1. Would you work out the relative contact order for region 2-384, in percent, from Cα pairs under 8 angstrom that are 6 or more residues apart?
2. Can you give me the angle between helix 369-384 and the longest principal axis of the chain, using Cα atoms only, in degrees from 0 to 90, rounded to the nearest 10?
3. Debye sum, Cα scatterers, region 283-382, no solvent: what log₁₀ I/I(0) at q = 0.11, 0.23, 0.25 1/Å?
4. For helix 29-40, what angle does its Cα long axis make with the longest principal axis of the chain, in degrees from 0 to 90 and rounded to 10?
5. What distance in nm separates the two pseudo spin-label positions at residue 316 and residue 225, each 7 Å out from Cα along the beta-carbon direction?
6. Compare the peptides 31-41, 90-100, 184-194 by average per-residue count of other Cβ atoms within 10 angstrom and give them in order, highest first.
7. Over the alpha-carbon set of the chain, work out the extent along each principal axis and list the three values in angstrom, largest first.
8. Can you give me the Cα centroid spacing of region 59-133 and region 209-258 in angstrom?
């Protein structure tokens, strides 16, 4: 499955074309729109989220709610376009680039006529289209019992209690309870005490004209062992997942399982020892590997963490240099979020789903969902008889 997105932050719409999506998948438009709505939610989001009501329009590749195998094209309208396009067309040159944004480097690279042309495409608004594509991937993965969700693990210097996070031994019923608490949280945070502190921290940052980053974690449950490969570097499942998550604006580091704490743990404590029971087959009691060993899924949950930098657009502004006069100025102020960490947990879950869907197609077939399920069931029987 391949996809392209197009569109600008304040353009008429965002679009995506998905190629290679298998035929026969039931497409639930309501589910796709639910994912788009989750991306918009969260304490600390900017005023624009009150304007946009992101809804997907499926233009091709779906007939009577079933994928046909033809390229799927979608459109998501920008409701803010009517109010903003004339203002943007008539605005003067923006010459005070934001540190930490694509403004200056994009201006250099594309010999832009104005920074606005860089701002419009480099904006994180593009991720709306990717969340929609990720929802299509999620509908495919549901056919194989895979579910993915993201949550907030840290905002600023406030972290959740590690006991709040699901462990390797958490059964499906407890996982359901855990993620139900995430969905009910304004910050997608499973720890109510930490969430209260996070909200106060966001309020303080807003009062200071500042922004906040944090850490999100994505968990994919029900993933079969054997996806990905060690044969070539670009076929490794962790390579593809890490690249996809790193591509999200504001993500500065990606880890699997124990992530950046891995180097602090000795080998005998770090590696997930292997056990076996007839009733459950091979299993582990911890998941420091994040569900991936040797570039392949090992049957445990895929666990991905991403460190999120503070948003570059601050109302207080940062020191910068006027591109033409070379004089010191304060960076431009666009309408923006104070904290987008909860939204990024949704985006990260979407891009992880895209890579997992690709991995399932690579192993079990690309053309039709019935054929994929047949091959998958054969593979499951093979695993059960080892």
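What follows draws every value from the coordinates through simple rules; no lab data is involved. Since this is a predicted model, take the numbers as computed values, not measurements. Using ideal geometry, Cβ is built from the backbone for each residue, glycine included, and neighbour counts are taken over all protein chains shown.
1. Across region 2-384, relative contact order equals 23 percent.
2. Tilt relative to the chain: about 50 degrees.
3. Per q value, in the given order, log10 I(q)/I(0) is -0.61, -1.24, -1.30.
4. 50 degrees
5. 5.1 nm
6. In decreasing order of mean packing, 31-41, 90-100, 184-194 become 184-194, 31-41, 90-100.
7. 72, 49, 39
8. Going from one Cα centre to the other spans 24 Å.
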